[in-house]
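Here, each number is a calculation from the coordinates, and none is a lab measurement. A quick note: this is a predicted structure, and the numbers were derived from the prediction, not measured. When we count neighbours, we look across all protein chains shown, and the Cβ atoms used for this are built from the backbone with ideal geometry, even at glycine.
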Amino acid sequence: MGGHAGKVKPPRRSIVVSATPEKVASISARLAELWPDAHVELDHHNAYELLVATILAAQSSDRQINTITPALFARYPNAAALAAADPAELEPMIFSSGFYRMKAKSLLGMARAVVEKFGGEIPQTMEQLVQLPGVGRKTANVVLGSVFGVNEGIVVDLHVARVAPRLGLTAETDPVKIERDLMAVVPRADWSMFAHRLIWHGRRVCFPSEPDCEHCGLAPLCPSAFAAPALPNARARLAKAKPKPKPVAKPKAKAKTSKPKRR
């Protein structure tokens, strides 16, 4: 679940939006066949743990966060314990997640707000969750859908923001607008699982620069299948375009000339 979507760069070729109810139903059914057990891949046992892990996962990977949270949850098992944490002790524990100072501030602010406003219990509505420091709509959707079974919206992370346009489900690059488009065509009862399965597909098949279209179960439904992907960054484009320098020939050694003998 790592990585806030932000605005994603549009693909090199134009997107053909073809999100008819029939097509979306076919994509959803195929995703269910491909990834029947899809779920959030941040290790957790309750809403508090998933909320903490999701905040930490920004600009990081779920795998990395799962190496941090066991010790973190052992030291701070609930919001009340985290609210009383010393930043000097908390920051080293989350250092490897990146942006650790900012994340520590968000975690402490979130925990204190949960204790002060909600009696130490993680709130169960979108309106209340987004009031917490460090919690945006994406994070709230993760907790609501995965812990409370509430389909309030659709999680749009980097994978969803990449795969949904490729499938022709949206032409937007802004996460809020992508979510709006998906909510309009995906049945509400499927919002949470649709996002999980799309994320799994993005992580395992529909890679950023080299999607595995040859082995993709969605290829027959995908207008972008087998399209040449854009190079991942400007440096790669430059490296491809720039001709390799020709090897410089070493100068030949001058032939030795014998000096005339003196008579």
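In table form, for the structure just shown:
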quantity	calculated
Exclusive hit being in a helix (DSSP H, G or I), surrounded by fewer than 16 Cβ atoms within 10 Å (Cβ to Cβ) and of a type in the set (Gly, Ala, Ser), set 111, 88	88
Any hit, the range 75-83, residues being more than 24 Å from the chain's Cα centre (by Cα), more than 17 Å from residue 132 (Cβ to Cβ) and assigned to a helix (DSSP H, G or I)	yes
Qualifying residue in the range 99-116 (condition: under 20 Å from residue 153 (Cβ atoms) and touching a helix residue (DSSP H, G or I) at 6+ places or on another chain (Cβ under 9 Å))	yes
Residue list for the range 88-124, filter: over 20 Å from residue 74 (Cβ atoms) and either free of Cβ contacts under 8 Å to residues at least 24 places away in the same chain or among the acidic types (Asp, Glu) (or both)	101, 102, 113, 116, 117, 118, 119, 121, 123
Search result, residues across the range 18-74 that are more than 30 Å from residue 112 (Cβ to Cβ) and among the hydroxyl-bearing types (Ser, Thr, Tyr)	18, 20, 26, 28
Filter result (buried (at least 20 other Cβ atoms within 10 Å of the Cβ) and among the aliphatic types (A, V, I, L, M)) within the range 126-151	129, 132, 135, 140, 142, 143, 144
Tally, over the range 146-182, of residues that are touching a Phe, Trp or Tyr at 6+ places or on another chain (Cβ under 7 Å) and either of a type in the set (A, V, I, L, M) or within 14 Å of residue 50 (Cβ to Cβ) (or both)	1
Filter result (under 16 Å from residue 219 (Cα atoms) and surrounded by 12 or more Cβ atoms within 10 Å (Cβ to Cβ)) within the range 30-46	30, 31, 32, 34, 35
